[in-house]
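Working notes, beginning with the structure itself.
The values are calculated or read from the model by the stated rules, or taken from the named source; none is laboratory data. Keep in mind the model is a prediction, meaning the values are calculated, not measured. Reconstructed Cβ throughout: ideal geometry from the backbone, glycine too, with neighbour counts over all protein chains shown. Surface accessibility is based on the protein's heavy atoms, side chains included, excluding ligands, DNA and RNA. Shrake-Rupley method; radii C 1.70, N 1.55, O 1.52, S 1.80 Å.
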Amino acid sequence: MATVRFAVPPAAFEPDKPVAPKATPAVSAVPAARPGRSWGRMALQFAPLGAVTFLAKVSVPPLGARGLGIDVPIILAATFAGLVAGALHVHPARLTMYLAMLAWLGGMQLFLGEPFSATSLVLLAALFLPLTMQLRPAEGGPLPAAAAAAADPPLLRSLGAMVSLATLFAACGLLQFVLQRWVGKAVAFPVEHLVPPAWLIQNFNAQIPVGPGEVQKANGVFFLEPSFFSQFMALGLLLELSLRNRLSRIVLLGAALAVSYSGTGLVVAALGLFGLVVVKGRWDLLLLGALLLLVHSLLGDASPLQPLLHRMGEFRSPHSSGSARFVAWIDMFAHQWWTDPVRVLFGAGAGSFAAHAALARQPTAEMSFAKMLFEYGVTGAVLFFGFLVYAFNSVRAPVAFRLGLCATLLVNGALVAFPVGIAASVLLWPAAAARRALATPTPMPAPPGAAPPPSAVHASGPGPEPRPQPAAERRRETAR
């Protein structure tokens, strides 16, 4: 009988290192069936990402006047469609943490007896439900080891698609910023001027002037605000630095981040770069930052980074957006939260932040960390952010990207779909397909004259008889 051997399975995928081509082992003469890319499956996977990017400004009457868009309905529709079609299934650990979080948050509302908004609690539960899902492995059976080593894992393809999409939006944002003086705002910002206001989300600042002049901050054409555009650029930049390090894309994404003139993108980029430097040892990034600061100091007021760095002073101005987001909540908590120990532990009730913020001495924005602490207390906030941090870090993706995605949770509102759409499409849903069943070992012919190993698999059908062993080999076999 003919004997065959198993090839060694490929090494685990490490996305934090640049992908280099590897030599693939020899494969059997019969090609293995490889599951093809299904357009329906791809549309399902990237529907949440498209909802928070291309359709971020779109709404339907009368939801637009209330500041609500179609991104959350699209994300939930994709989730339930994937469950019905069998393309999605739950991640047991993430689902367990999600249910424990909801049980605590909901139970505390009933136990405390304070007025609360059931709508706010239901919206919170619905928005983060997709993070408990994952894609099933594609049909077609497991790949042979050699074919799996040559193919990009699904998670790597998703991360690459994220970088490509960020590059596209970066080009849109740069053209928008540079050409608005010549083509006019109606052409540079087409969504705001061509789509009827009733079909757009209201109460957001899509067009913000850079300074006293008429130049507007870039919002990438499609994004709801320059802040969301800057965060997406930061995430794309972190992925590019983690995966490929292509200089042209790094420059493009960095320039787009700069023309957004938004501090939230800087926060996301800074946290991710911290992970690259400390965890991955990318000390070259510190040298690059020092070089940029040197050029900025030499140019002085003529530096293009001057308006962006000037925003650092907003934290000291009580009527600025930076103060409203990251500073004013401290004063509000000092007068309305710290004085009540029960409120500190268990919160003031779901949906109560807006009413108390209206009574604050300074304008206070409804940021996620402040809202969760005020409404659900320390215990509820720990469970909420613990679930999200675990979910984002339950996948082997570049550490810089995961840190940046965690930062988007803190610089946005608690019920904003932006980080959820990115996490679902790019990080959490494709991860299960990347960790699919072990690839089928590729049968390789045994060298001529070699003795079959104990685990050898005999091919079906007739084959040549094994060569008789010499007497010396038989004695060694008996001794073993």
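Here are the numbers for the structure shown:
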| item | result |
| --- | --- |
| Centroid-to-centroid separation of the range 150-191 and the range 363-417 [C-alpha atoms, Å] | 26 |
| Share of carbon and sulfur in the accessible heavy-atom surface of the range 214-292 [1.4 Å probe, %] | 74 |
| Span per principal axis, largest first, for the Cα atoms of the range 308-427 (Å) | 43, 39, 19 |
| Loop chymotrypsin sites (Phe, Trp or Tyr not before Pro), the range 337-373, which have at most 14 other Cβ atoms in a 10 Å radius of their Cβ (DSSP) | TRP338 |
| Gain in span if fully extended, ALA360 to LEU95, counting 0.36 nm per residue against the direct Cα distance | 91.7 nm |
| Size-normalised alpha-carbon gyration radius of the range 208-265, reference 2.2 N^0.38 Å | 1.16 |
| Computed accessible area, GLU114, all protein chains, 1.4 angstrom probe, square angstrom | 100 |
| Gyration tensor (alpha-carbon) shape descriptor, the range 57-123, a/c threshold 1.5 | oblate |
| From phi via Karplus (6.51, -1.76, 1.60), per-residue ³J(HN,Hα) for the range 196-213 in Hz, x at Gly/Pro | x, x, 5, 9, 10, 6, 9, 6, 10, 9, 6, 10, 10, x, 5, x, x, x |
| Whole-number D in µm²/s for the range 256-295 (Stokes-Einstein; Kirkwood sum over Cα pairs; 37 °C, 0.692 mPa s) | 298 |
| Placed amide H near GLN216: partners under 5 Å, 5+ positions off or other chain | VAL210 |
| Links that overshoot a 25 Å alpha carbon limit, given the list LYS57/LYS217; LYS217/LYS280; LYS57/LYS280 | LYS217/LYS280; LYS57/LYS280 |
| Probe 1.4 Å, protein heavy atoms only - accessible area per residue of the range 142-267 in square angstrom | 40 |
| Built amide H within the under 5 Å cut-off of TRP337, gap 5+ | none |
| Rounded to the nearest 10 Å², the accessible area of MET108 at probe 1.4 Å | 30 |
| GLY347 long-range amide H proximity, modeled H, under 5 Å | GLY377, VAL378 |
| Förster radius 45 Å - calculated FRET efficiency between LEU287 and HIS193 (Cβ-Cβ, nearest 0.05) | 0.55 |
